[in-house]
């Protein structure tokens, strides 16, 4: 069983916006390979063979394995950002900082647990992107980071939170969620929801005044 | 400039206990290669060539690249564990749980920042160890985890700490330190000591009653 397929339909769900079935299949196979063996040790031949496509048919969709990594990173990071925004948009306008940050922490943790293979490749293989693609992904990463930092700052400003340094607090809060991808395997005991609940409580306690 | 050499004498310091100079040199080169390209994409030929040794001379010390990874993981994990124990042994016997946990958090964070290349390979390449070697490393990892968990539990028992679940709190505390290896490059602004100070404060706040 491959890494991604062990996680059920999770990559299919993340990559559902990619309408072409062959392009989507290539990404899911590439994700599997990158997660299992790393970007360097994966060849385009591995990906085309395991996708049941000829190299020529693969190149129609992706000119290189870097292009596949970029597409995975783009979809992964955009989806994570959009979920955070959607979760915040659903909160009552009168909610305080604690409630808003708790929603962010729960959503961000859940994402890294539920879609742990996508998130792991997004976190650990970025150094293999070319400079232009890396800049585009870093822009989305900054949007996410600034989103978390703004909530922490707002909580500090209104007295709900108290931290020695907002940058370090932001870094620590995101670490709690991201570090899940280092060890978590879905379907092996603890659920994404349980992780999200527990880490949200601990993260919130870390910043509460 | 290679990854490890960019970190000054850090790997030399960690591997100083390996007396044979060729064996030590092979480990430092292997560390560089694993960190830069991953275990899968590294060949024993890369390591022997860059060490200035013949393959035959390399095999005298290490029969395989897995043997080099195991030695790196063994030295890395043992050193981290021993530093935590030494730091705890230096604390006044009358110290409370907060003071003890703060020392652990500071020491553990400092280790992951100061020796970030060794720590990164220790965290991200373990799946490539054979079963016997993996079991030996996992034993040391459990010793470290139990050491942290016992301090959290002791603090809860005496009322200094309050957490919903000691296991999750332990996991979150270790994540704060370990996640440093994902992004940190020594010599680029923030120092290991600054990271250690800030994360120790945040971690302590997370569990304090």
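Please determine whether any residue of region A:153-164 is touching a helix residue (DSSP H, G or I) at 6+ places or on another chain (Cβ under 9 Å), crowded, with 19+ Cβ neighbours inside 10 Å and facing chain B (nearest Cβ under 10 Å). Looking through region A:153-164, at least one residue is touching a helix residue (DSSP H, G or I) at 6+ places or on another chain (Cβ under 9 Å), crowded, with 19+ Cβ neighbours inside 10 Å and facing chain B (nearest Cβ under 10 Å). Only residues that are touching a helix residue (DSSP H, G or I) at 6+ places or on another chain (Cβ under 6 Å) and at pLDDT below 95 were counted in region A:196-209, giving 0. Selection of region B:165-209 for residues being facing chain A (nearest Cβ under 8 Å), surrounded by fewer than 22 Cβ atoms within 10 Å (Cβ to Cβ) and touching a strand residue (DSSP E or B) at 6+ places or on another chain (Cβ under 9 Å) yields only B:205.
Residues that are assigned to a helix (DSSP H, G or I), more than 12 Å from chain A (Cβ to nearest Cβ) and farther than 24 Å from residue B:187 by Cα within region B:112-134 comprise B:131, B:132, B:133, B:134, listed in sequence order. Scanning region A:33-49 for residues that are out of contact with any helix residue (DSSP H, G or I) (no Cβ under 6 Å at 6 or more places or on another chain) and either within 14 Å of chain B (Cβ to nearest Cβ) or crowded, with 24+ Cβ neighbours inside 10 Å (or both), we see that the one that is modelled with the highest pLDDT is A:43. Of all the listed residues (B:66, B:107), the sole one being assigned by TED's automatic domain parsing to the domain that holds residue B:125 and modelled with pLDDT of 90 or more is B:107.
At pLDDT 95 or above, assigned to a helix (DSSP H, G or I) and assigned by TED's automatic domain parsing to the domain that holds residue A:181: is that true of residue A:155 in this structure? Against the criterion (at pLDDT 95 or above, assigned to a helix (DSSP H, G or I) and assigned by TED's automatic domain parsing to the domain that holds residue A:181), residue A:155 qualifies.
Identify, from the list B:104, B:144, the residue that is surrounded by 20 or more Cβ atoms within 10 Å (Cβ to Cβ) and part of a helix (DSSP H, G or I). B:104 is the lone residue from the list that is surrounded by 20 or more Cβ atoms within 10 Å (Cβ to Cβ) and part of a helix (DSSP H, G or I).
The values are calculated or read from the model by the stated rules, or taken from the named source; none is laboratory data. Worth saying up front: this structure is predicted, and the values here are computed from it rather than measured. Neighbour counts are summed over all protein chains in view; Cβ atoms, including those assigned to glycine, are modelled from backbone coordinates with ideal geometry.
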